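Data block below; observations after.
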Amino acid sequence: MEEKCRTCAEHSTKMYHMNDKIGAYDRTIREMVLTLVPELKGRLQDTDVVCILCRRLLHQCLKFIEKCFQSDEILLSASKVMKQTGRFSSFRHKLALPLICYIFWI
């Protein structure tokens, strides 16, 4: 029997429950959906399922968020190094300069 996906309302034979984990993340599908769409809080049921396509999309969103945080850490670290060395003190305004060029310049 095909179930209906809670996020796209499509039918699929491959579904994942809201309490299933996504990849290597230590969070459930429910937690991730609520992170991205907090308006659904209190409306998701234990019996709700997500299709494989929506699960993949959710996983891609998580990877994007993770990548943003990693990039932010790299840029903040580089900015601190530049301020300490006195080079490019206005680094935040010169983000177009590739970080790799700076590393070789030091």
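The values are calculated or read from the model by the stated rules, or taken from the named source; none is laboratory data. Worth saying up front: this structure is predicted, and the values here are computed from it rather than measured. Glycine gets a Cβ as well: all are built from the backbone with ideal geometry, and neighbour counts include every protein chain shown.
Data overview
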| read-out | value |
| --- | --- |
| Subset of the range 1-25 that is assigned to a strand (DSSP E or B) and charged (D, E, K, R) - its residue that is nearest to C61 (Cα to Cα) | K21 |
| Residue pairs meeting the criteria (Cβ under 6 Å; at least 6 apart or on separate chains; first at pLDDT 90 or above, in the range 53-74; second assigned to a helix (DSSP H, G or I)) | L58/M32 |
| The lone exception for V50 - which of (1) outside any strand (DSSP E or B); (2) at pLDDT 95 or above it fails | (1) |
| Check on Q45, part of a loop (DSSP other than H, G, I, E, B) and either among the aromatic types (F, W, Y) or on the phi < 0 side of the Ramachandran plot (or both) | yes |
| Scan of the range 1-46 for residues that are β-branched (V, I, T) and without any contact (Cβ under 8 Å) to a residue 40 or more places away in the chain, ordered by number | T13, T28, I29, V33, T35, V37 |
| Hits in the range 2-28 (condition: among the hydrophobic types (A, V, I, L, M, F, W, C) and on the phi < 0 side of the Ramachandran plot) | C5, C8, M15, M18, I22, A24 |
| Of all residues in the range 14-62 being surrounded by 13 or more Cβ atoms within 10 Å (Cβ to Cβ) and among the polar types (S, T, N, Q), the one that is nearest to E3 (Cα to Cα) | T28 |
